[in-house]
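The values are calculated or read from the model by the stated rules, or taken from the named source; none is laboratory data. Source: prediction; values computed, not measured. Because the Cβ atoms are built from the backbone with ideal geometry, glycine has one as well, and the counts that use them run over all protein chains shown.
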């Protein structure tokens with residue numbers, strides 16, 4: 001059958017592009033800005049990160065330098081904003097360098113969580129069936145074991161250390177990322193653009209890499225940011241219990257533990273690291289929740 | 001090499017389905033997941049799509065027409081029967097062996113929104129088939145994609161846009177460009193116009209007609225919209241409950257349909273003129289299923305197929321209907 005000659009060929013009508021419309025990211029940004037708690041959380045997290053990066057320029061001495069031994073245990077003053085600790089180290093310096101440890105562990109653990117969580121979540125969501133069953137059972141095992149108990153055991157067995165804590169935190173952090181990615185890929189693999197690629201002969205690896213993972217950026221970002229405070233809390237808990245980052249490297253958990261010995265008189269040694277930890281974890285959580293609500297309005301807090 | 005490029009064009013149909021069927025096993029919940037019952041979504045589908053022909057496959061939702069299309073694309077594994085692309089049986093080919101044949105049969109879906117990856121620019125969408133088949137480099141693929149956007153009636157500057165910036169009709173044009181950029185022999189169009197406005201629908205139909213003529217394309221047009229099918233297709237097959245119940249040249253379907261289900265479909269076409277508006281009677285599926293046409297021996301124009309029960313019998317030039325002979329039990 002051929003086209004009738006008097007019918008103008010449809011292809012001749014070149015449609016001119018309409019005015020450019022706002023992209024989904026623009027709307028996500030607007031939703032994020034409307035969430036005041038998330039904006040404050042993000043700003044606080046940004047300031048803490050900047051302080052951690054520029055620590056040598058804003059502190060009077062090195063984090064382990066016992067430069068103020070004669071002033072040991074001094075209360076907060078104009079020279080020592082947060083006082084001096086029992087070993088003569090400027091406490092503000094210790095807190096700022098503690099942020100370095102906390103943030104580095106938080107971000108590294110979140111990064112490893114994502115690196116483990118994406119392929120497992122993608123495999124579970126895409127292949128389903130037996131693969132999904134096995135991965136989901138593994139996740140269930142991780143969700144019934146209390147992370148702190150397991151971390152204490154692993155920390156005591158391995159003697160702690162910086163990278164050990166990152167590994168332990170990632171071991172428990174990937175579960176959330178995996179579930180988020182799995183849900184997204186399950187929803188997207190039935191879409192017709194995936195069918196169309198399969199009808200072209202695309203392999204599962206191609207479909208996952210080129211279509212499904214790029215469409216999962218939102219849950220991946222959300223999983224990443226939400227894994228950070230979990231790792232920071234885990235590090236602080238382990239360091240508090242003495243199986244985390246070993247002294248003299250400043251860590252907030254370790255400092256809280258030490259401060260407890262002086263709590264009833266030299267209150268500042270316990271209060272400042274606790275406040276620093278609380279503020280950082282809270283800011284990161286608020287920022288993460290805000291990102292989640294902005295990037296995926298359909299996914300509300302559980 | 002036995003690739004599709006080596007097959008000379010000729011009398012071989014572009015696409016042929018032989019006795020195609022699909023059974024789904026419904027399982028119980030719980031751990032054991034016992035097989036409870038079997039659902040025959042599609043059974044005994046024989047279809048021949050000649051080169052350059054447009055075959056309409058019509059039927060209501062759930063009649064198995066989309067399942068048939070997915071099986072012809074090998075996106076869904078058939079439970080029985082064969083799929084022949086340009087004379088070659090591809091039913092059992094594995095992923096790698098099938099890939100060159102995948103180029104020959106392409107698809108346009110109903111939902112143009114979910115048919116385009118939201119993270120891709122339109123040039124990337126249209127160039128994707130070239131990318132998957134490793135044809136050309138990035139720059140030449142991009143050029144080919146923009147050429148095709150123009151060919152389906154979209155300005156080249158659309159290449160840098162994303163799917164959400166387009167209307168439904170424009171998205172469907174992009175989907176058509178993607179399906180045709182590899183110059184396939186067969187296009188399976190699964191209700192490509194049913195989500196569109198009437199005026200846009202006509203444009204898409206015109207576009208398909210033009211491209212079909214230019215490319216000598218064979219189209220399997222799956223639809224429930226008989227007025228579209230009438231203007232586009234040269235043959236029509238009617239599906240009901242997973243089986244083909246009537247197949248004939250388009251005009252024969254509209255003038256001398258024999259099967260009660262075909263008549264019910266024709267009856268459902270809206271009539272614009274109020275004076276011509278008939279009183280419609282809607283019959284339910286069970287009633288239609290019981291009402292198997294009975295043919296006198298003289299009405300059958302060719303050899304009567306073996307077997308019992310309703311089966312496709314020739315009743316005119318190129319016209320088959322699922323029926324029983326006089327005196328047989330339905």
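Somewhere in the range A:214-226, is a residue within 30 Å of residue B:97 (Cα to Cα) and within 14 Å of chain B (Cβ to nearest Cβ)? Checked the range A:214-226: at least one residue is within 30 Å of residue B:97 (Cα to Cα) and within 14 Å of chain B (Cβ to nearest Cβ).
State whether one or more residues within the range B:252-269 are within 23 Å of residue B:190 (Cβ to Cβ), at pLDDT below 85 and surrounded by fewer than 11 Cβ atoms within 10 Å (Cβ to Cβ). Looking through the range B:252-269, none of the residues is within 23 Å of residue B:190 (Cβ to Cβ), at pLDDT below 85 and surrounded by fewer than 11 Cβ atoms within 10 Å (Cβ to Cβ).
Rundown of residues vs (1) surrounded by fewer than 21 Cβ atoms within 10 Å (Cβ to Cβ); (2) within 21 Å of the chain's Cα centre (by Cα), yes/no style:
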{"position": "A:153", "(1), (2)": "yes, no"}
{"position": "A:197", "(1), (2)": "no, no"}
{"position": "A:216", "(1), (2)": "no, yes"}
{"position": "A:257", "(1), (2)": "yes, no"}
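Against the condition assigned to a helix (DSSP H, G or I), in contact with a strand residue (DSSP E or B) (Cβ under 9 Å, 6 or more places away or on another chain) and free of Cβ contacts under 8 Å to residues at least 40 places away in the same chain, how does residue A:205 come out, does it pass?
Numbers: assigned to a helix (DSSP H, G or I): yes; in contact with a strand residue (DSSP E or B) (Cβ under 9 Å, 6 or more places away or on another chain): no; free of Cβ contacts under 8 Å to residues at least 40 places away in the same chain: yes.
So residue A:205 fails the test.
Candidates A:200, A:234: the one that is at negative phi and at the interface with chain B (Cβ under 10 Å from one of its Cβ atoms) is A:200. Where helices (runs of 4 or more DSSP H) sit wholly within the range A:1-67, those with at least 1 residues that are within 12 Å of chain B (Cβ to nearest Cβ), loosely packed, with under 12 Cβ neighbours inside 10 Å and at pLDDT below 80 occupy A:24-34.
Just a yes or no: is a residue in the range B:145-155 within 11 Å of chain A (Cβ to nearest Cβ), touching a strand residue (DSSP E or B) at 6+ places or on another chain (Cβ under 8 Å) and closer than 28 Å to residue A:26 by Cα? Talk me through it step by step, then tell me what you get.
So the first thing to find is which residues in the range B:145-155 are within 11 Å of chain A (Cβ to nearest Cβ), and the list is B:148-155.
Filter again for touching a strand residue (DSSP E or B) at 6+ places or on another chain (Cβ under 8 Å), leaving B:153-155.
Now restrict to residues that are closer than 28 Å to residue A:26 by Cα: B:154-155.
Within the range B:145-155 (the criterion being within 11 Å of chain A (Cβ to nearest Cβ), touching a strand residue (DSSP E or B) at 6+ places or on another chain (Cβ under 8 Å) and closer than 28 Å to residue A:26 by Cα), the answer is yes, since at least one residue qualifies.
Note on the range B:298-320: residues that are at pLDDT 80 or above and either surrounded by 10 or more Cβ atoms within 10 Å (Cβ to Cβ) or farther than 21 Å from residue B:47 by Cα (or both) amount to 13. The requirement of being in contact (Cβ under 8 Å) with a residue 24 or more places away in the chain, assigned to a loop (DSSP other than H, G, I, E, B) and surrounded by 15 or more Cβ atoms within 10 Å (Cβ to Cβ) is fulfilled nowhere in the range A:276-289; no residue meets it. Among the conditions (1) more than 12 Å from chain B (Cβ to nearest Cβ); (2) more than 30 Å from residue B:93 (Cβ to Cβ); (3) surrounded by fewer than 22 Cβ atoms within 10 Å (Cβ to Cβ); (4) touching a helix residue (DSSP H, G or I) at 6+ places or on another chain (Cβ under 8 Å), residue A:251 misses just one, which is (3).
Listed by position, the strands (runs of 3 or more DSSP E) inside the range B:44-135 whose residues that are at pLDDT 90 or above and facing chain A (nearest Cβ under 10 Å) number at least 2 are B:105-108.
From A:86, A:132, A:90, which residue is farther than 21 Å from residue A:227 by Cα and buried (at least 18 other Cβ atoms within 10 Å of the Cβ)?
Numbers: A:86 fails: buried (at least 18 other Cβ atoms within 10 Å of the Cβ); A:132 fails: buried (at least 18 other Cβ atoms within 10 Å of the Cβ).
The conditions single out A:90.
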